[in-house]
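Working notes for the structure below.
The values are calculated or read from the model by the stated rules, or taken from the named source; none is laboratory data. These figures come from a predicted structure and were not determined experimentally. We place every Cβ from the backbone using ideal geometry, glycine too, and count neighbours over all the protein chains shown. These area figures cover heavy atoms from the full protein model, side chains too; ligands, DNA and RNA do not enter into them. Shrake-Rupley method; radii C 1.70, N 1.55, O 1.52, S 1.80 Å.
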Amino acid sequence: MTALHTIDTVVIGAGHAGLAVSRLLTRAHREHVVLDRGRVGERWRTERWDSLRLLTPTWMNRLPGWPSSGDPDGFLASRQFVRQLEQYAASFDAPVLTGTRVERLGGGPSGTYDVHTDHATWRARSVVVATGPHGTPVVPAALGHTDVPVLTSDRYRNPDVLDRGGVLVVGASASGVQIADELSRSGRDVVLAVGRHTRVPRRYRGMDIFWWLDSTGRLARTIDAVSDPDAARREPSLQLVGRAGAETIESDVDLAALQRRGVRLTGRLQSLQGSTARFSDGLEDLTSAAEQRMHALLDSVDRYVVRAGLTREVLAPVRPARVPATRTPAEIDLAAEGIRTIVLATGYRPDHAWIDLPITAPDGTFHQTRGVTGAPGIYVVGQRFQHRRDSGFIGGARHDAEAVVHHLTTGTVPTATAPHSGLTVEEPS
């Protein structure tokens, strides 16, 4: 018979968001347990490639009761970030149960909830789902039967583990461009199939792009201030890479930079049958739209520089080069061109089939406001643009954790705060 444990609160997920909630619950003297299918920071251990560094500089990675440490402008390697998460959990003796897979979350008696795991059942008044936005890798419908080995970005580790030969990378957001960059630098012939993407420079006017996003108030913009919340939550991740401080290689991984390194660009993958890949002819439209959005962002930064009196404090504005127009193939015979591997970097879709409560939409996303769902006592933390634009970033999760724990302990939603810059925030995009 499965053991039954009764507790006030269960937190599901021991990544940065779940640990942030646990730290605040500990501070509030709230009895709780944190359940994770693996170890602390499991996805960072087993679903990331070897050379990955965080996209956000260290100063952005603050968690409740744990200020960022190290070079504030540096970018932690994933293994370093895992160590920091372990240290963070140890700093307040987080009640984490590792190796505990949650199989079902459903209603229990008298307004409680039952969290069924592979070891026991936990009955709680409150449950916080902190499993993050990454559920199951998206496999494009265009991918038919193919003889070429296919792996998703969460299974990619480094160029040496792939079959010899060229690589087709599908998807040009953060993961896709970083993997294409690494493969190209290792000497591989790389073809990158490009869909909708978000282009920004790593640095602008001498400052990291995240410094500008933070200073101009964009990271603090809330979901209720944008005209299309669904579109905002589906925005592609930024075409960025984090480098070690000692590395001197070019720090941009946008399409223009990849072209200079010999990566061949195509339009969106339309179909793949056997060894024949077919692509759309919309690459120029995609890159043009991305550049227009980038220049609109940089225009707003330039206006902020003037309003804030920073003109003499920062560098002159130098914009990234356009992506050169190029003839793109409508079709490639992968076998004939020696392409031996396909890497899918096409994002993730939510996977909440284990939640037996009416709190998700048909596409698997949560119905929530500031982390509070329609099921009393059920909360979520760590979703993309959950409330603020930075909700999906490591440091941004602390704001949502604070709101959730405040509601859990008081029954009220905390008062929203304005962006810290005190200046007018422009453009909702």
Given (1) closer than 19 Å to ARG45 by Cα; (2) under 15 Å from the mean Cα position of the chain (by Cα); (3) surrounded by fewer than 23 Cβ atoms within 10 Å (Cβ to Cβ); (4) among the hydroxyl-bearing types (Ser, Thr, Tyr), SER173 misses just (1)
Going through VAL194, VAL167, VAL148 one at a time, which residue ends up being touching a residue at least 40 places away in the same chain (Cβ under 8 Å) and either over 16 Å from ARG340 (Cβ atoms) or not aliphatic (A, V, I, L, M) (or both)? VAL194
Out of ARG233, ARG205, ARG164, which single residue is among the charged types (D, E, K, R) and at positive phi? ARG205
What strands (runs of 3 or more DSSP E) completely inside the stretch 133-241 contain at least 2 residues that are at pLDDT below 95? 143-146
All but one of (1) farther than 25 Å from LEU213 by Cβ; (2) touching a residue at least 60 places away in the same chain (Cβ under 8 Å); (3) not acidic (Asp, Glu) hold for VAL40, so report the exception by its number. (2)
Set ARG157, ARG123, ARG188: member being out of contact with any strand residue (DSSP E or B) (no Cβ under 6 Å at 6 or more places or on another chain) and of a type in the set (Lys, Arg): ARG157
Is at least one residue of the stretch 132-151 in contact with a Pro (Cβ under 6 Å, 6 or more places away or on another chain) and surrounded by 20 or more Cβ atoms within 10 Å (Cβ to Cβ)? no
Restricting to the stretch 102-121, and then to whatever is farther than 15 Å from ASP356 by Cα and in contact (Cβ under 8 Å) with a residue 60 or more places away in the chain, can you tell me which residue is most open to solvent (accessible area, probe 1.4 Å)? HIS119
Quick check on my filter: what residues within the stretch 259-278 are on the phi < 0 side of the Ramachandran plot and either in contact with a helix residue (DSSP H, G or I) (Cβ under 7 Å, 6 or more places away or on another chain) or of a type in the set (Gly, Ala, Ser) (or both)? ARG261, VAL263, LEU265, THR266, GLY267, SER271, SER275, ALA277
Taking ASP281, is it under 26 Å from ARG157 (Cα atoms) and surrounded by fewer than 16 Cβ atoms within 10 Å (Cβ to Cβ)? no
Flagged in the stretch 367-384 as open to solvent by less than 40 Å² (accessible area, probe 1.4 Å) and of a type in the set (Ser, Thr, Tyr), in numbering order, are THR373, TYR379
When you look at GLU337, is it at pLDDT 95 or above, farther than 30 Å from ASP163 by Cβ and open to solvent by 70 Å² or more (accessible area, probe 1.4 Å), yes or no? no
All-but-one check, VAL305 against (1) within 30 Å of PRO140 (Cβ to Cβ); (2) open to solvent by less than 40 Å² (accessible area, probe 1.4 Å); (3) over 26 Å from the mean Cα position of the chain (by Cα), failing number (1)
Selected residue [open to solvent by less than 10 Å² (accessible area, probe 1.4 Å) and modelled with pLDDT of 95 or more] from LEU52, LEU4, LEU19: LEU19
Scanning the stretch 326-339 for residues that are closer than 11 Å to THR266 by Cα and either in a loop (DSSP other than H, G, I, E, B) or free of Cβ contacts under 8 Å to residues at least 40 places away in the same chain (or both) gives THR326, ARG327, THR328, PRO329, ALA330
Among the residues of the stretch 211-240, what is the count of those that are over 15 Å from SER300 (Cα atoms) and polar (S, T, N, Q)? 4
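Here is a yes/no grid of residues against (1) open to solvent by 20 Å² or more (accessible area, probe 1.4 Å); (2) more than 19 Å from VAL241 (Cβ to Cβ):
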| position | (1), (2) |
| --- | --- |
| THR9 | no, yes |
| LEU25 | no, yes |
| GLY65 | yes, yes |
| PHE75 | yes, no |
| ASP93 | yes, yes |
The one condition in (1) in a loop (DSSP other than H, G, I, E, B); (2) buried (at least 17 other Cβ atoms within 10 Å of the Cβ) that GLY364 fails to fulfil: (2)
Residue list for the stretch 391-410, filter: under 12 Å from the mean Cα position of the chain (by Cα), surrounded by 22 or more Cβ atoms within 10 Å (Cβ to Cβ) and assigned to a helix (DSSP H, G or I): SER391, ALA397
Restricted to the stretch 244-261 and to residues being of a type outside the set (S, T, N, Q), in a loop (DSSP other than H, G, I, E, B) and buried (at least 16 other Cβ atoms within 10 Å of the Cβ), the residue modelled with the lowest pLDDT is ASP252
Out of ARG264, ARG319, I need the residue that is basic (Lys, Arg), more than 15 Å from THR198 (Cβ to Cβ) and open to solvent by less than 80 Å² (accessible area, probe 1.4 Å). Which one? ARG319
